[in-house]
Amino acid sequence: PSMLRFDSVAMRYPDGTAALDGVSLQLPRGQFCVVLGASGAGKSTLLRMANGLVTPTSGAVHVEDRRLSPAALSAIRPRIGMIHQQFNLVLRASVATNVLSGALPGLPWWRAVAGLFPEPVQRKACMLVAAVGLEEQHLRRRASELSGGQQQRVGIARAFMLDPPLVLADEPVASLDPQASHDVLALLRQQARDRGATVLCSLHQVELARAFADRIVALRHGRVVFDGPAQDFDSRV
Ligand code: ADP
Ligand code: ADP
């Protein structure tokens, strides 16, 4: 039983760009899979497709064996934690509000203003903030006051509020320094190890992929050119 499955998906944008072409992948539970590829290879398109933000022009995507269709989206979305390259935080809101908004996918962030949540939900937010390496005193700070690495930790805590079995991370470390990049990838890998989450993460750095991933899928011009254990990936191919 796979957590996420792409069956011969292709994506051709309205302007004719073929971003993906005949991609088939199956991700089991608990796997940390990195999609590697240069800019324009199709990584973002693949991740957006896994979240229903992009509909394939042919082929199908299944999450937990359920076909990702517009009608199924509202049931599937809460099962997916999404982490973004630019963090996508509400910068003027507090860290607590940003994290708590992860408990309300699809609703506006201001519904998450602290105090509207039952005690267990607030405790969960505090626990996650600690788990990603932030301090309790950060909870009341505005997100804008944090460094990039800290903001991405907030984005991760937000994505984990509903214990999603599928985590999608689109270039989560592209704007972070090397230390913060390592910390963020270690947190993602931990989700796979500790909780059995399936993590699909795009990167363009070969060495980070080799250091952290269980599996590497390399894309070039929208096609899979390597798919195997991370240690078998040869960057000279
Ligand atoms: P960089 O340009 O980031 O220093 P590389 O030159 O090693 O990294 O690789 C550039 C891109 O070429 C990678 O992101 C990947 O898309 C592709 N690539 C490199 N090695 C392989 C391989 N063995 N199989 C498939 N694609 C590869
Ligand atoms: P990556 O994330 O690996 O950089 P993308 O999935 O963003 O790759 O892009 C793959 C290809 O699709 C690129 O040629 C890109 O220019 C093109 N592309 C991405 N989004 C769109 C869009 N909305 N309309 C047209 N072309 C797009």
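The table that follows gives values for the structure above.
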| item | result |
| --- | --- |
| The lone exception for ARG140 - which of (1) in contact (Cβ under 8 Å) with a residue 40 or more places away in the chain; (2) part of a loop (DSSP other than H, G, I, E, B); (3) of a type outside the set (A, V, I, L, M, F, W, C); (4) closer than 30 Å to LEU203 by Cβ it fails | (4) |
| Of all residues making up the stretch 181-226, the number that are more than 16 Å from ligand 2 (Cβ to nearest atom), more than 17 Å from the chain's Cα centre (by Cα) and either of a type outside the set (A, V, I, L, M) or open to solvent by less than 10 Å² (accessible area, probe 1.4 Å) (or both) | 2 |
| Enumeration of residues in the stretch 22-53 that are more than 8 Å from ligand 2 (Cβ to nearest atom), crowded, with 17+ Cβ neighbours inside 10 Å and either more than 17 Å from the chain's Cα centre (by Cα) or part of a loop (DSSP other than H, G, I, E, B) (or both) | VAL23, GLY30, GLN31, ASN51, GLY52 |
| Every residue from the stretch 1-21 that is more than 8 Å from ligand 2 (Cβ to nearest atom) and in a loop (DSSP other than H, G, I, E, B) | PRO1, SER2, MET3, GLY16 |
| Search result, residues across the stretch 55-106 that are among the charged types (D, E, K, R) and part of a loop (DSSP other than H, G, I, E, B) | GLU64, ASP65, ARG92 |
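The values are calculated or read from the model by the stated rules, or taken from the named source; none is laboratory data. Computed from a predicted structure; not experimentally measured. Methodologically, a virtual Cβ is constructed for each residue, glycine included, from the backbone with ideal geometry; neighbour enumeration extends over all protein chains shown. Protein only, heavy atoms only, side chains kept; ligands, DNA and RNA dropped before computing areas. Shrake-Rupley method; radii C 1.70, N 1.55, O 1.52, S 1.80 Å.
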